[in-house]
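Novice: Can you keep this structure in mind? I'll have questions shortly.
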Amino acid sequence: MASVCHTSTATLKSSFIPSPNSLGSTPKPSQLFLHGKRNQAFKVSCKVTNNNGDQNQNVVDTNSVDRRNVLLGLGGLYGVANAIPLAASATPIPAPNAPSCGTATISDGPEVPYTCCPPGMPEDIEKILYYKFPSATKLRIRQPAHAVDEELIAKYNLAISKMRELDTTDHFSPLAFKQQANIHCAYCNGAYKIGGKELQVHNSWLFFPFHRWYLYFYERILGKLIDDPTFALPYWNWDHPKGMRLPPIFDRQGTALYDERRSTQVRNGTVMDLGSFGDKVQTTQLQLMSNNLTLMYRQMVTNAPCPLFILWRTLRSWEITLKPQETVEVIPHIPVHIWVGTARGSKFPDGSTSYGEDMGNFYSAGLDPVFYCHHSNVDRMWNEWKQIGGKRRDISQRDWLNSEFFFFDENKNPYRVRVRDCLDTKTMGYDYAPMPTPWRNFKPKTKASSGKANTSAFPPASQVFPLAKMDKVITFSIKRPASSRTQQEKNEKEEMLTFNNIKYDNREYVRFDVFLNVDNNVNANELDKAEFAGSYTSLPHVHRASQTDHVATATLQLAITELLEDIGLEDEDTIAVTLVPKKGGEGISIEGVEISLADC
């Protein structure tokens, strides 16, 4: 953070350094942020291409690298294998002359038994043209999947069938079903490296723009295969109660949209859990829907008041350590993957062991057609977030706007694309059919407890942390840096509850929830309560710092100013905090906890 003061620390602070920003103060709603390590700093002189194709040298400040040529190709990223170490060489990060793609590894498993690397990648990426949007007389309109008509269902099945046929008739075509799925495999399971470091498009500011471009070309390819340029992907409207089930079009056995490797729990109209962690929550359908709407409100409104919390996790240095995710990526993006994928460790009919396939593991997620409809709604959330207003807008950082990706279009032509060209979906030729967003008005108001918790009944944080494992519900008391703050003081500084140096096994599903002013008897299956502060969750992912190191590290920060107001604790010097493990708790350790006042 740009400024942190008045800190009350329960134990030694971790070595994590909050990301600096220049966004200034924000409104006071509770905010969730997660910070990863920043291990490296580079100073690079780079050429930056403007809209006219001209190149100008720009020297980037220390601690930043111009991302103009972060080139993410069909099935993977092509980086700077021939240009390391990074130095003030007056050239942008180039693509190498040969692919930088290697073997991908299944999260918590063996190497992927097939290559995720793309065939026919151009040798000289600098000769590849920038993509220009074709002229269109009308927008392609993406419809909610639960409400599409039979005509669109027939077109969608036909398009996917033709794409699957290419796996047999033209396997090396960039339009083939498995080649399209391999895009996600290579990006997310360790196949691509820059300077010897693995690239992961998730967990950073590349998450939204990469997937937007990915779906853009995927959609156009489907339209080309059925000779219908107006074809648009439906979106899985899981943020609305009517869409909180697997869309029926994907549950028709024998069709191209069906995937037999999905979890059996998703069938027959089962209500989904937007906070899924691999186990079924024992509660009513109505309560589950209420929990889902609460999670959407927290992640889209409370926890994401400005770009830092939904977009701005910079990629300016290459690290093996996994970076933490932004709010929407943590929940609901990851839980939807977990909910649909087969239970890890279960057996398939052929006797093989499941690693969460298909949706529950990044290497295989693209093999399930529902993946693209899931991410269509994730993409829609980017639009919806900006429409809420306030400071919710795209960032202007050059390193982000000039980041590049590489794709083949529907005619098998190679193109480079840039982040700055995908900020407006209408400019890209598509939009979303409107649907109500009831989560916008679903701020939790009901309290889980009456009055104020007796903080003297709980051990102070200094006696609880370091926490070796979270194998049970834990409640502790912690002092605040200031109480009874004026509204101006609240506007200038956000009160942050920070859990430092969280460590867990990155091969496992992980989730824990945080509540204020409750005790160990809190009903953790009811999230629609004012005391619910937020959650941390993680999907297994590749992490090869060494052959034996599977430990991921993160910092969880929750802004609690709004929460303290809602539950009547603004004037209290000490508050009670409760941690509720949902999954993987025995493998979660936390070095320390603190409350501080900080800029947004």
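Novice: May I ask you to say which residue of LYS193, LYS178 is assigned to a strand (DSSP E or B), in the same structural domain as MET121 (by the TED database) and open to solvent by 10 Å² or more (accessible area, probe 1.4 Å)?
Specialist: Working: LYS178 fails: assigned to a strand (DSSP E or B).
Going through LYS193, LYS178 in turn, just one is assigned to a strand (DSSP E or B), in the same structural domain as MET121 (by the TED database) and open to solvent by 10 Å² or more (accessible area, probe 1.4 Å): LYS193.
Novice: For ILE588, work out the one condition from (1) within 22 Å of PRO444 (Cα to Cα); (2) open to solvent by less than 10 Å² (accessible area, probe 1.4 Å) it doesn't fulfil.
Specialist: Here ILE588 meets the rest and fails (1).
Per-residue answers, yes or no, for (1) surrounded by fewer than 23 Cβ atoms within 10 Å (Cβ to Cβ); (2) over 23 Å from MET272 (Cα atoms); (3) among the β-branched types (Val, Ile, Thr); (4) at pLDDT below 90:
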residue	(1), (2), (3), (4)
GLN287	yes, no, no, no
SER290	yes, no, no, no
CYS306	yes, yes, no, yes
TRP312	yes, yes, no, yes
LEU315	yes, yes, no, yes
LEU322	yes, yes, no, yes
GLN325	no, no, no, yes
PRO332	no, no, no, no
HIS337	yes, no, no, no
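Novice: Of the residues that sit in segment 381-402 and are part of a loop (DSSP other than H, G, I, E, B), under 18 Å from the mean Cα position of the chain (by Cα) and of a type outside the set (A, V, I, L, M), which one is nearest to TYR192 (Cα to Cα)?
Specialist: Filtering segment 381-402 for residues that are part of a loop (DSSP other than H, G, I, E, B), under 18 Å from the mean Cα position of the chain (by Cα) and of a type outside the set (A, V, I, L, M), the one nearest to TYR192 (Cα to Cα) comes out as ASP394.
Novice: Also: Of the conditions (1) modelled with pLDDT under 95; (2) not in a loop (DSSP other than H, G, I, E, B), LYS443 fails just one. Which one is it?
Specialist: (2)
Novice: Could you check, for segment 88-103, whether at least one of its residues is open to solvent by 60 Å² or more (accessible area, probe 1.4 Å) and either modelled with pLDDT of 95 or more or under 30 Å from TYR235 (Cβ atoms) (or both)?
Specialist: no
Novice: Okay, moving on. State whether one or more residues within segment 135-152 are under 30 Å from ASP431 (Cα atoms), assigned by the TED database to the domain that holds PHE250, among the small types (Gly, Ala, Ser) and within 24 Å of the chain's Cα centre (by Cα).
Specialist: Within segment 135-152 (the criterion being under 30 Å from ASP431 (Cα atoms), assigned by the TED database to the domain that holds PHE250, among the small types (Gly, Ala, Ser) and within 24 Å of the chain's Cα centre (by Cα)), the answer is yes, since at least one residue qualifies.
Novice: Taking interchain pairs and intrachain pairs at least six residues apart, which have beta carbon atoms under 9 angstrom, with the first residue in segment 215-229 and closer than 16 Å to LEU152 by Cβ and the second of a type in the set (Ser, Thr, Tyr) and surrounded by fewer than 19 Cβ atoms within 10 Å (Cβ to Cβ)?
Specialist: GLY223/THR230; LEU225/SER161
Novice: Would you mention how many residues in segment 349-364 are assigned to a loop (DSSP other than H, G, I, E, B), open to solvent by 10 Å² or more (accessible area, probe 1.4 Å) and more than 13 Å from CYS188 (Cα to Cα)?
Specialist: 5
Novice: Can you name every residue in segment 490-538 that is more than 20 Å from the chain's Cα centre (by Cα), of a type in the set (D, E, K, R), at pLDDT below 90 and open to solvent by 20 Å² or more (accessible area, probe 1.4 Å)?
Specialist: GLU492, LYS493, ASP519, listed by residue number.
Novice: Okay, next question. Which residues, taken from segment 264-285, are within 22 Å of the chain's Cα centre (by Cα), small (Gly, Ala, Ser) and open to solvent by 20 Å² or more (accessible area, probe 1.4 Å)?
Specialist: GLY278
Novice: Of the residues that sit in segment 568-595 and are within 30 Å of the chain's Cα centre (by Cα) and assigned to a loop (DSSP other than H, G, I, E, B), which one is nearest to ILE478 (Cα to Cα)?
Specialist: The residue in question is ILE588.
Novice: Which of (1) surrounded by 12 or more Cβ atoms within 10 Å (Cβ to Cβ); (2) modelled with pLDDT under 70; (3) of a type outside the set (Ser, Thr, Tyr) is the odd one out, the single condition ARG140 does not satisfy?
Specialist: So the condition that ARG140 fails would be (2).
The values are calculated or read from the model by the stated rules, or taken from the named source; none is laboratory data. Note that the structure is a prediction, hence the values are computed from the model and not measured. Ideal geometry is used to build each Cβ from the backbone, glycine not excepted, and the neighbour counts take in all protein chains shown. These area figures cover heavy atoms from the full protein model, side chains too; ligands, DNA and RNA do not enter into them. Shrake-Rupley method; radii C 1.70, N 1.55, O 1.52, S 1.80 Å.
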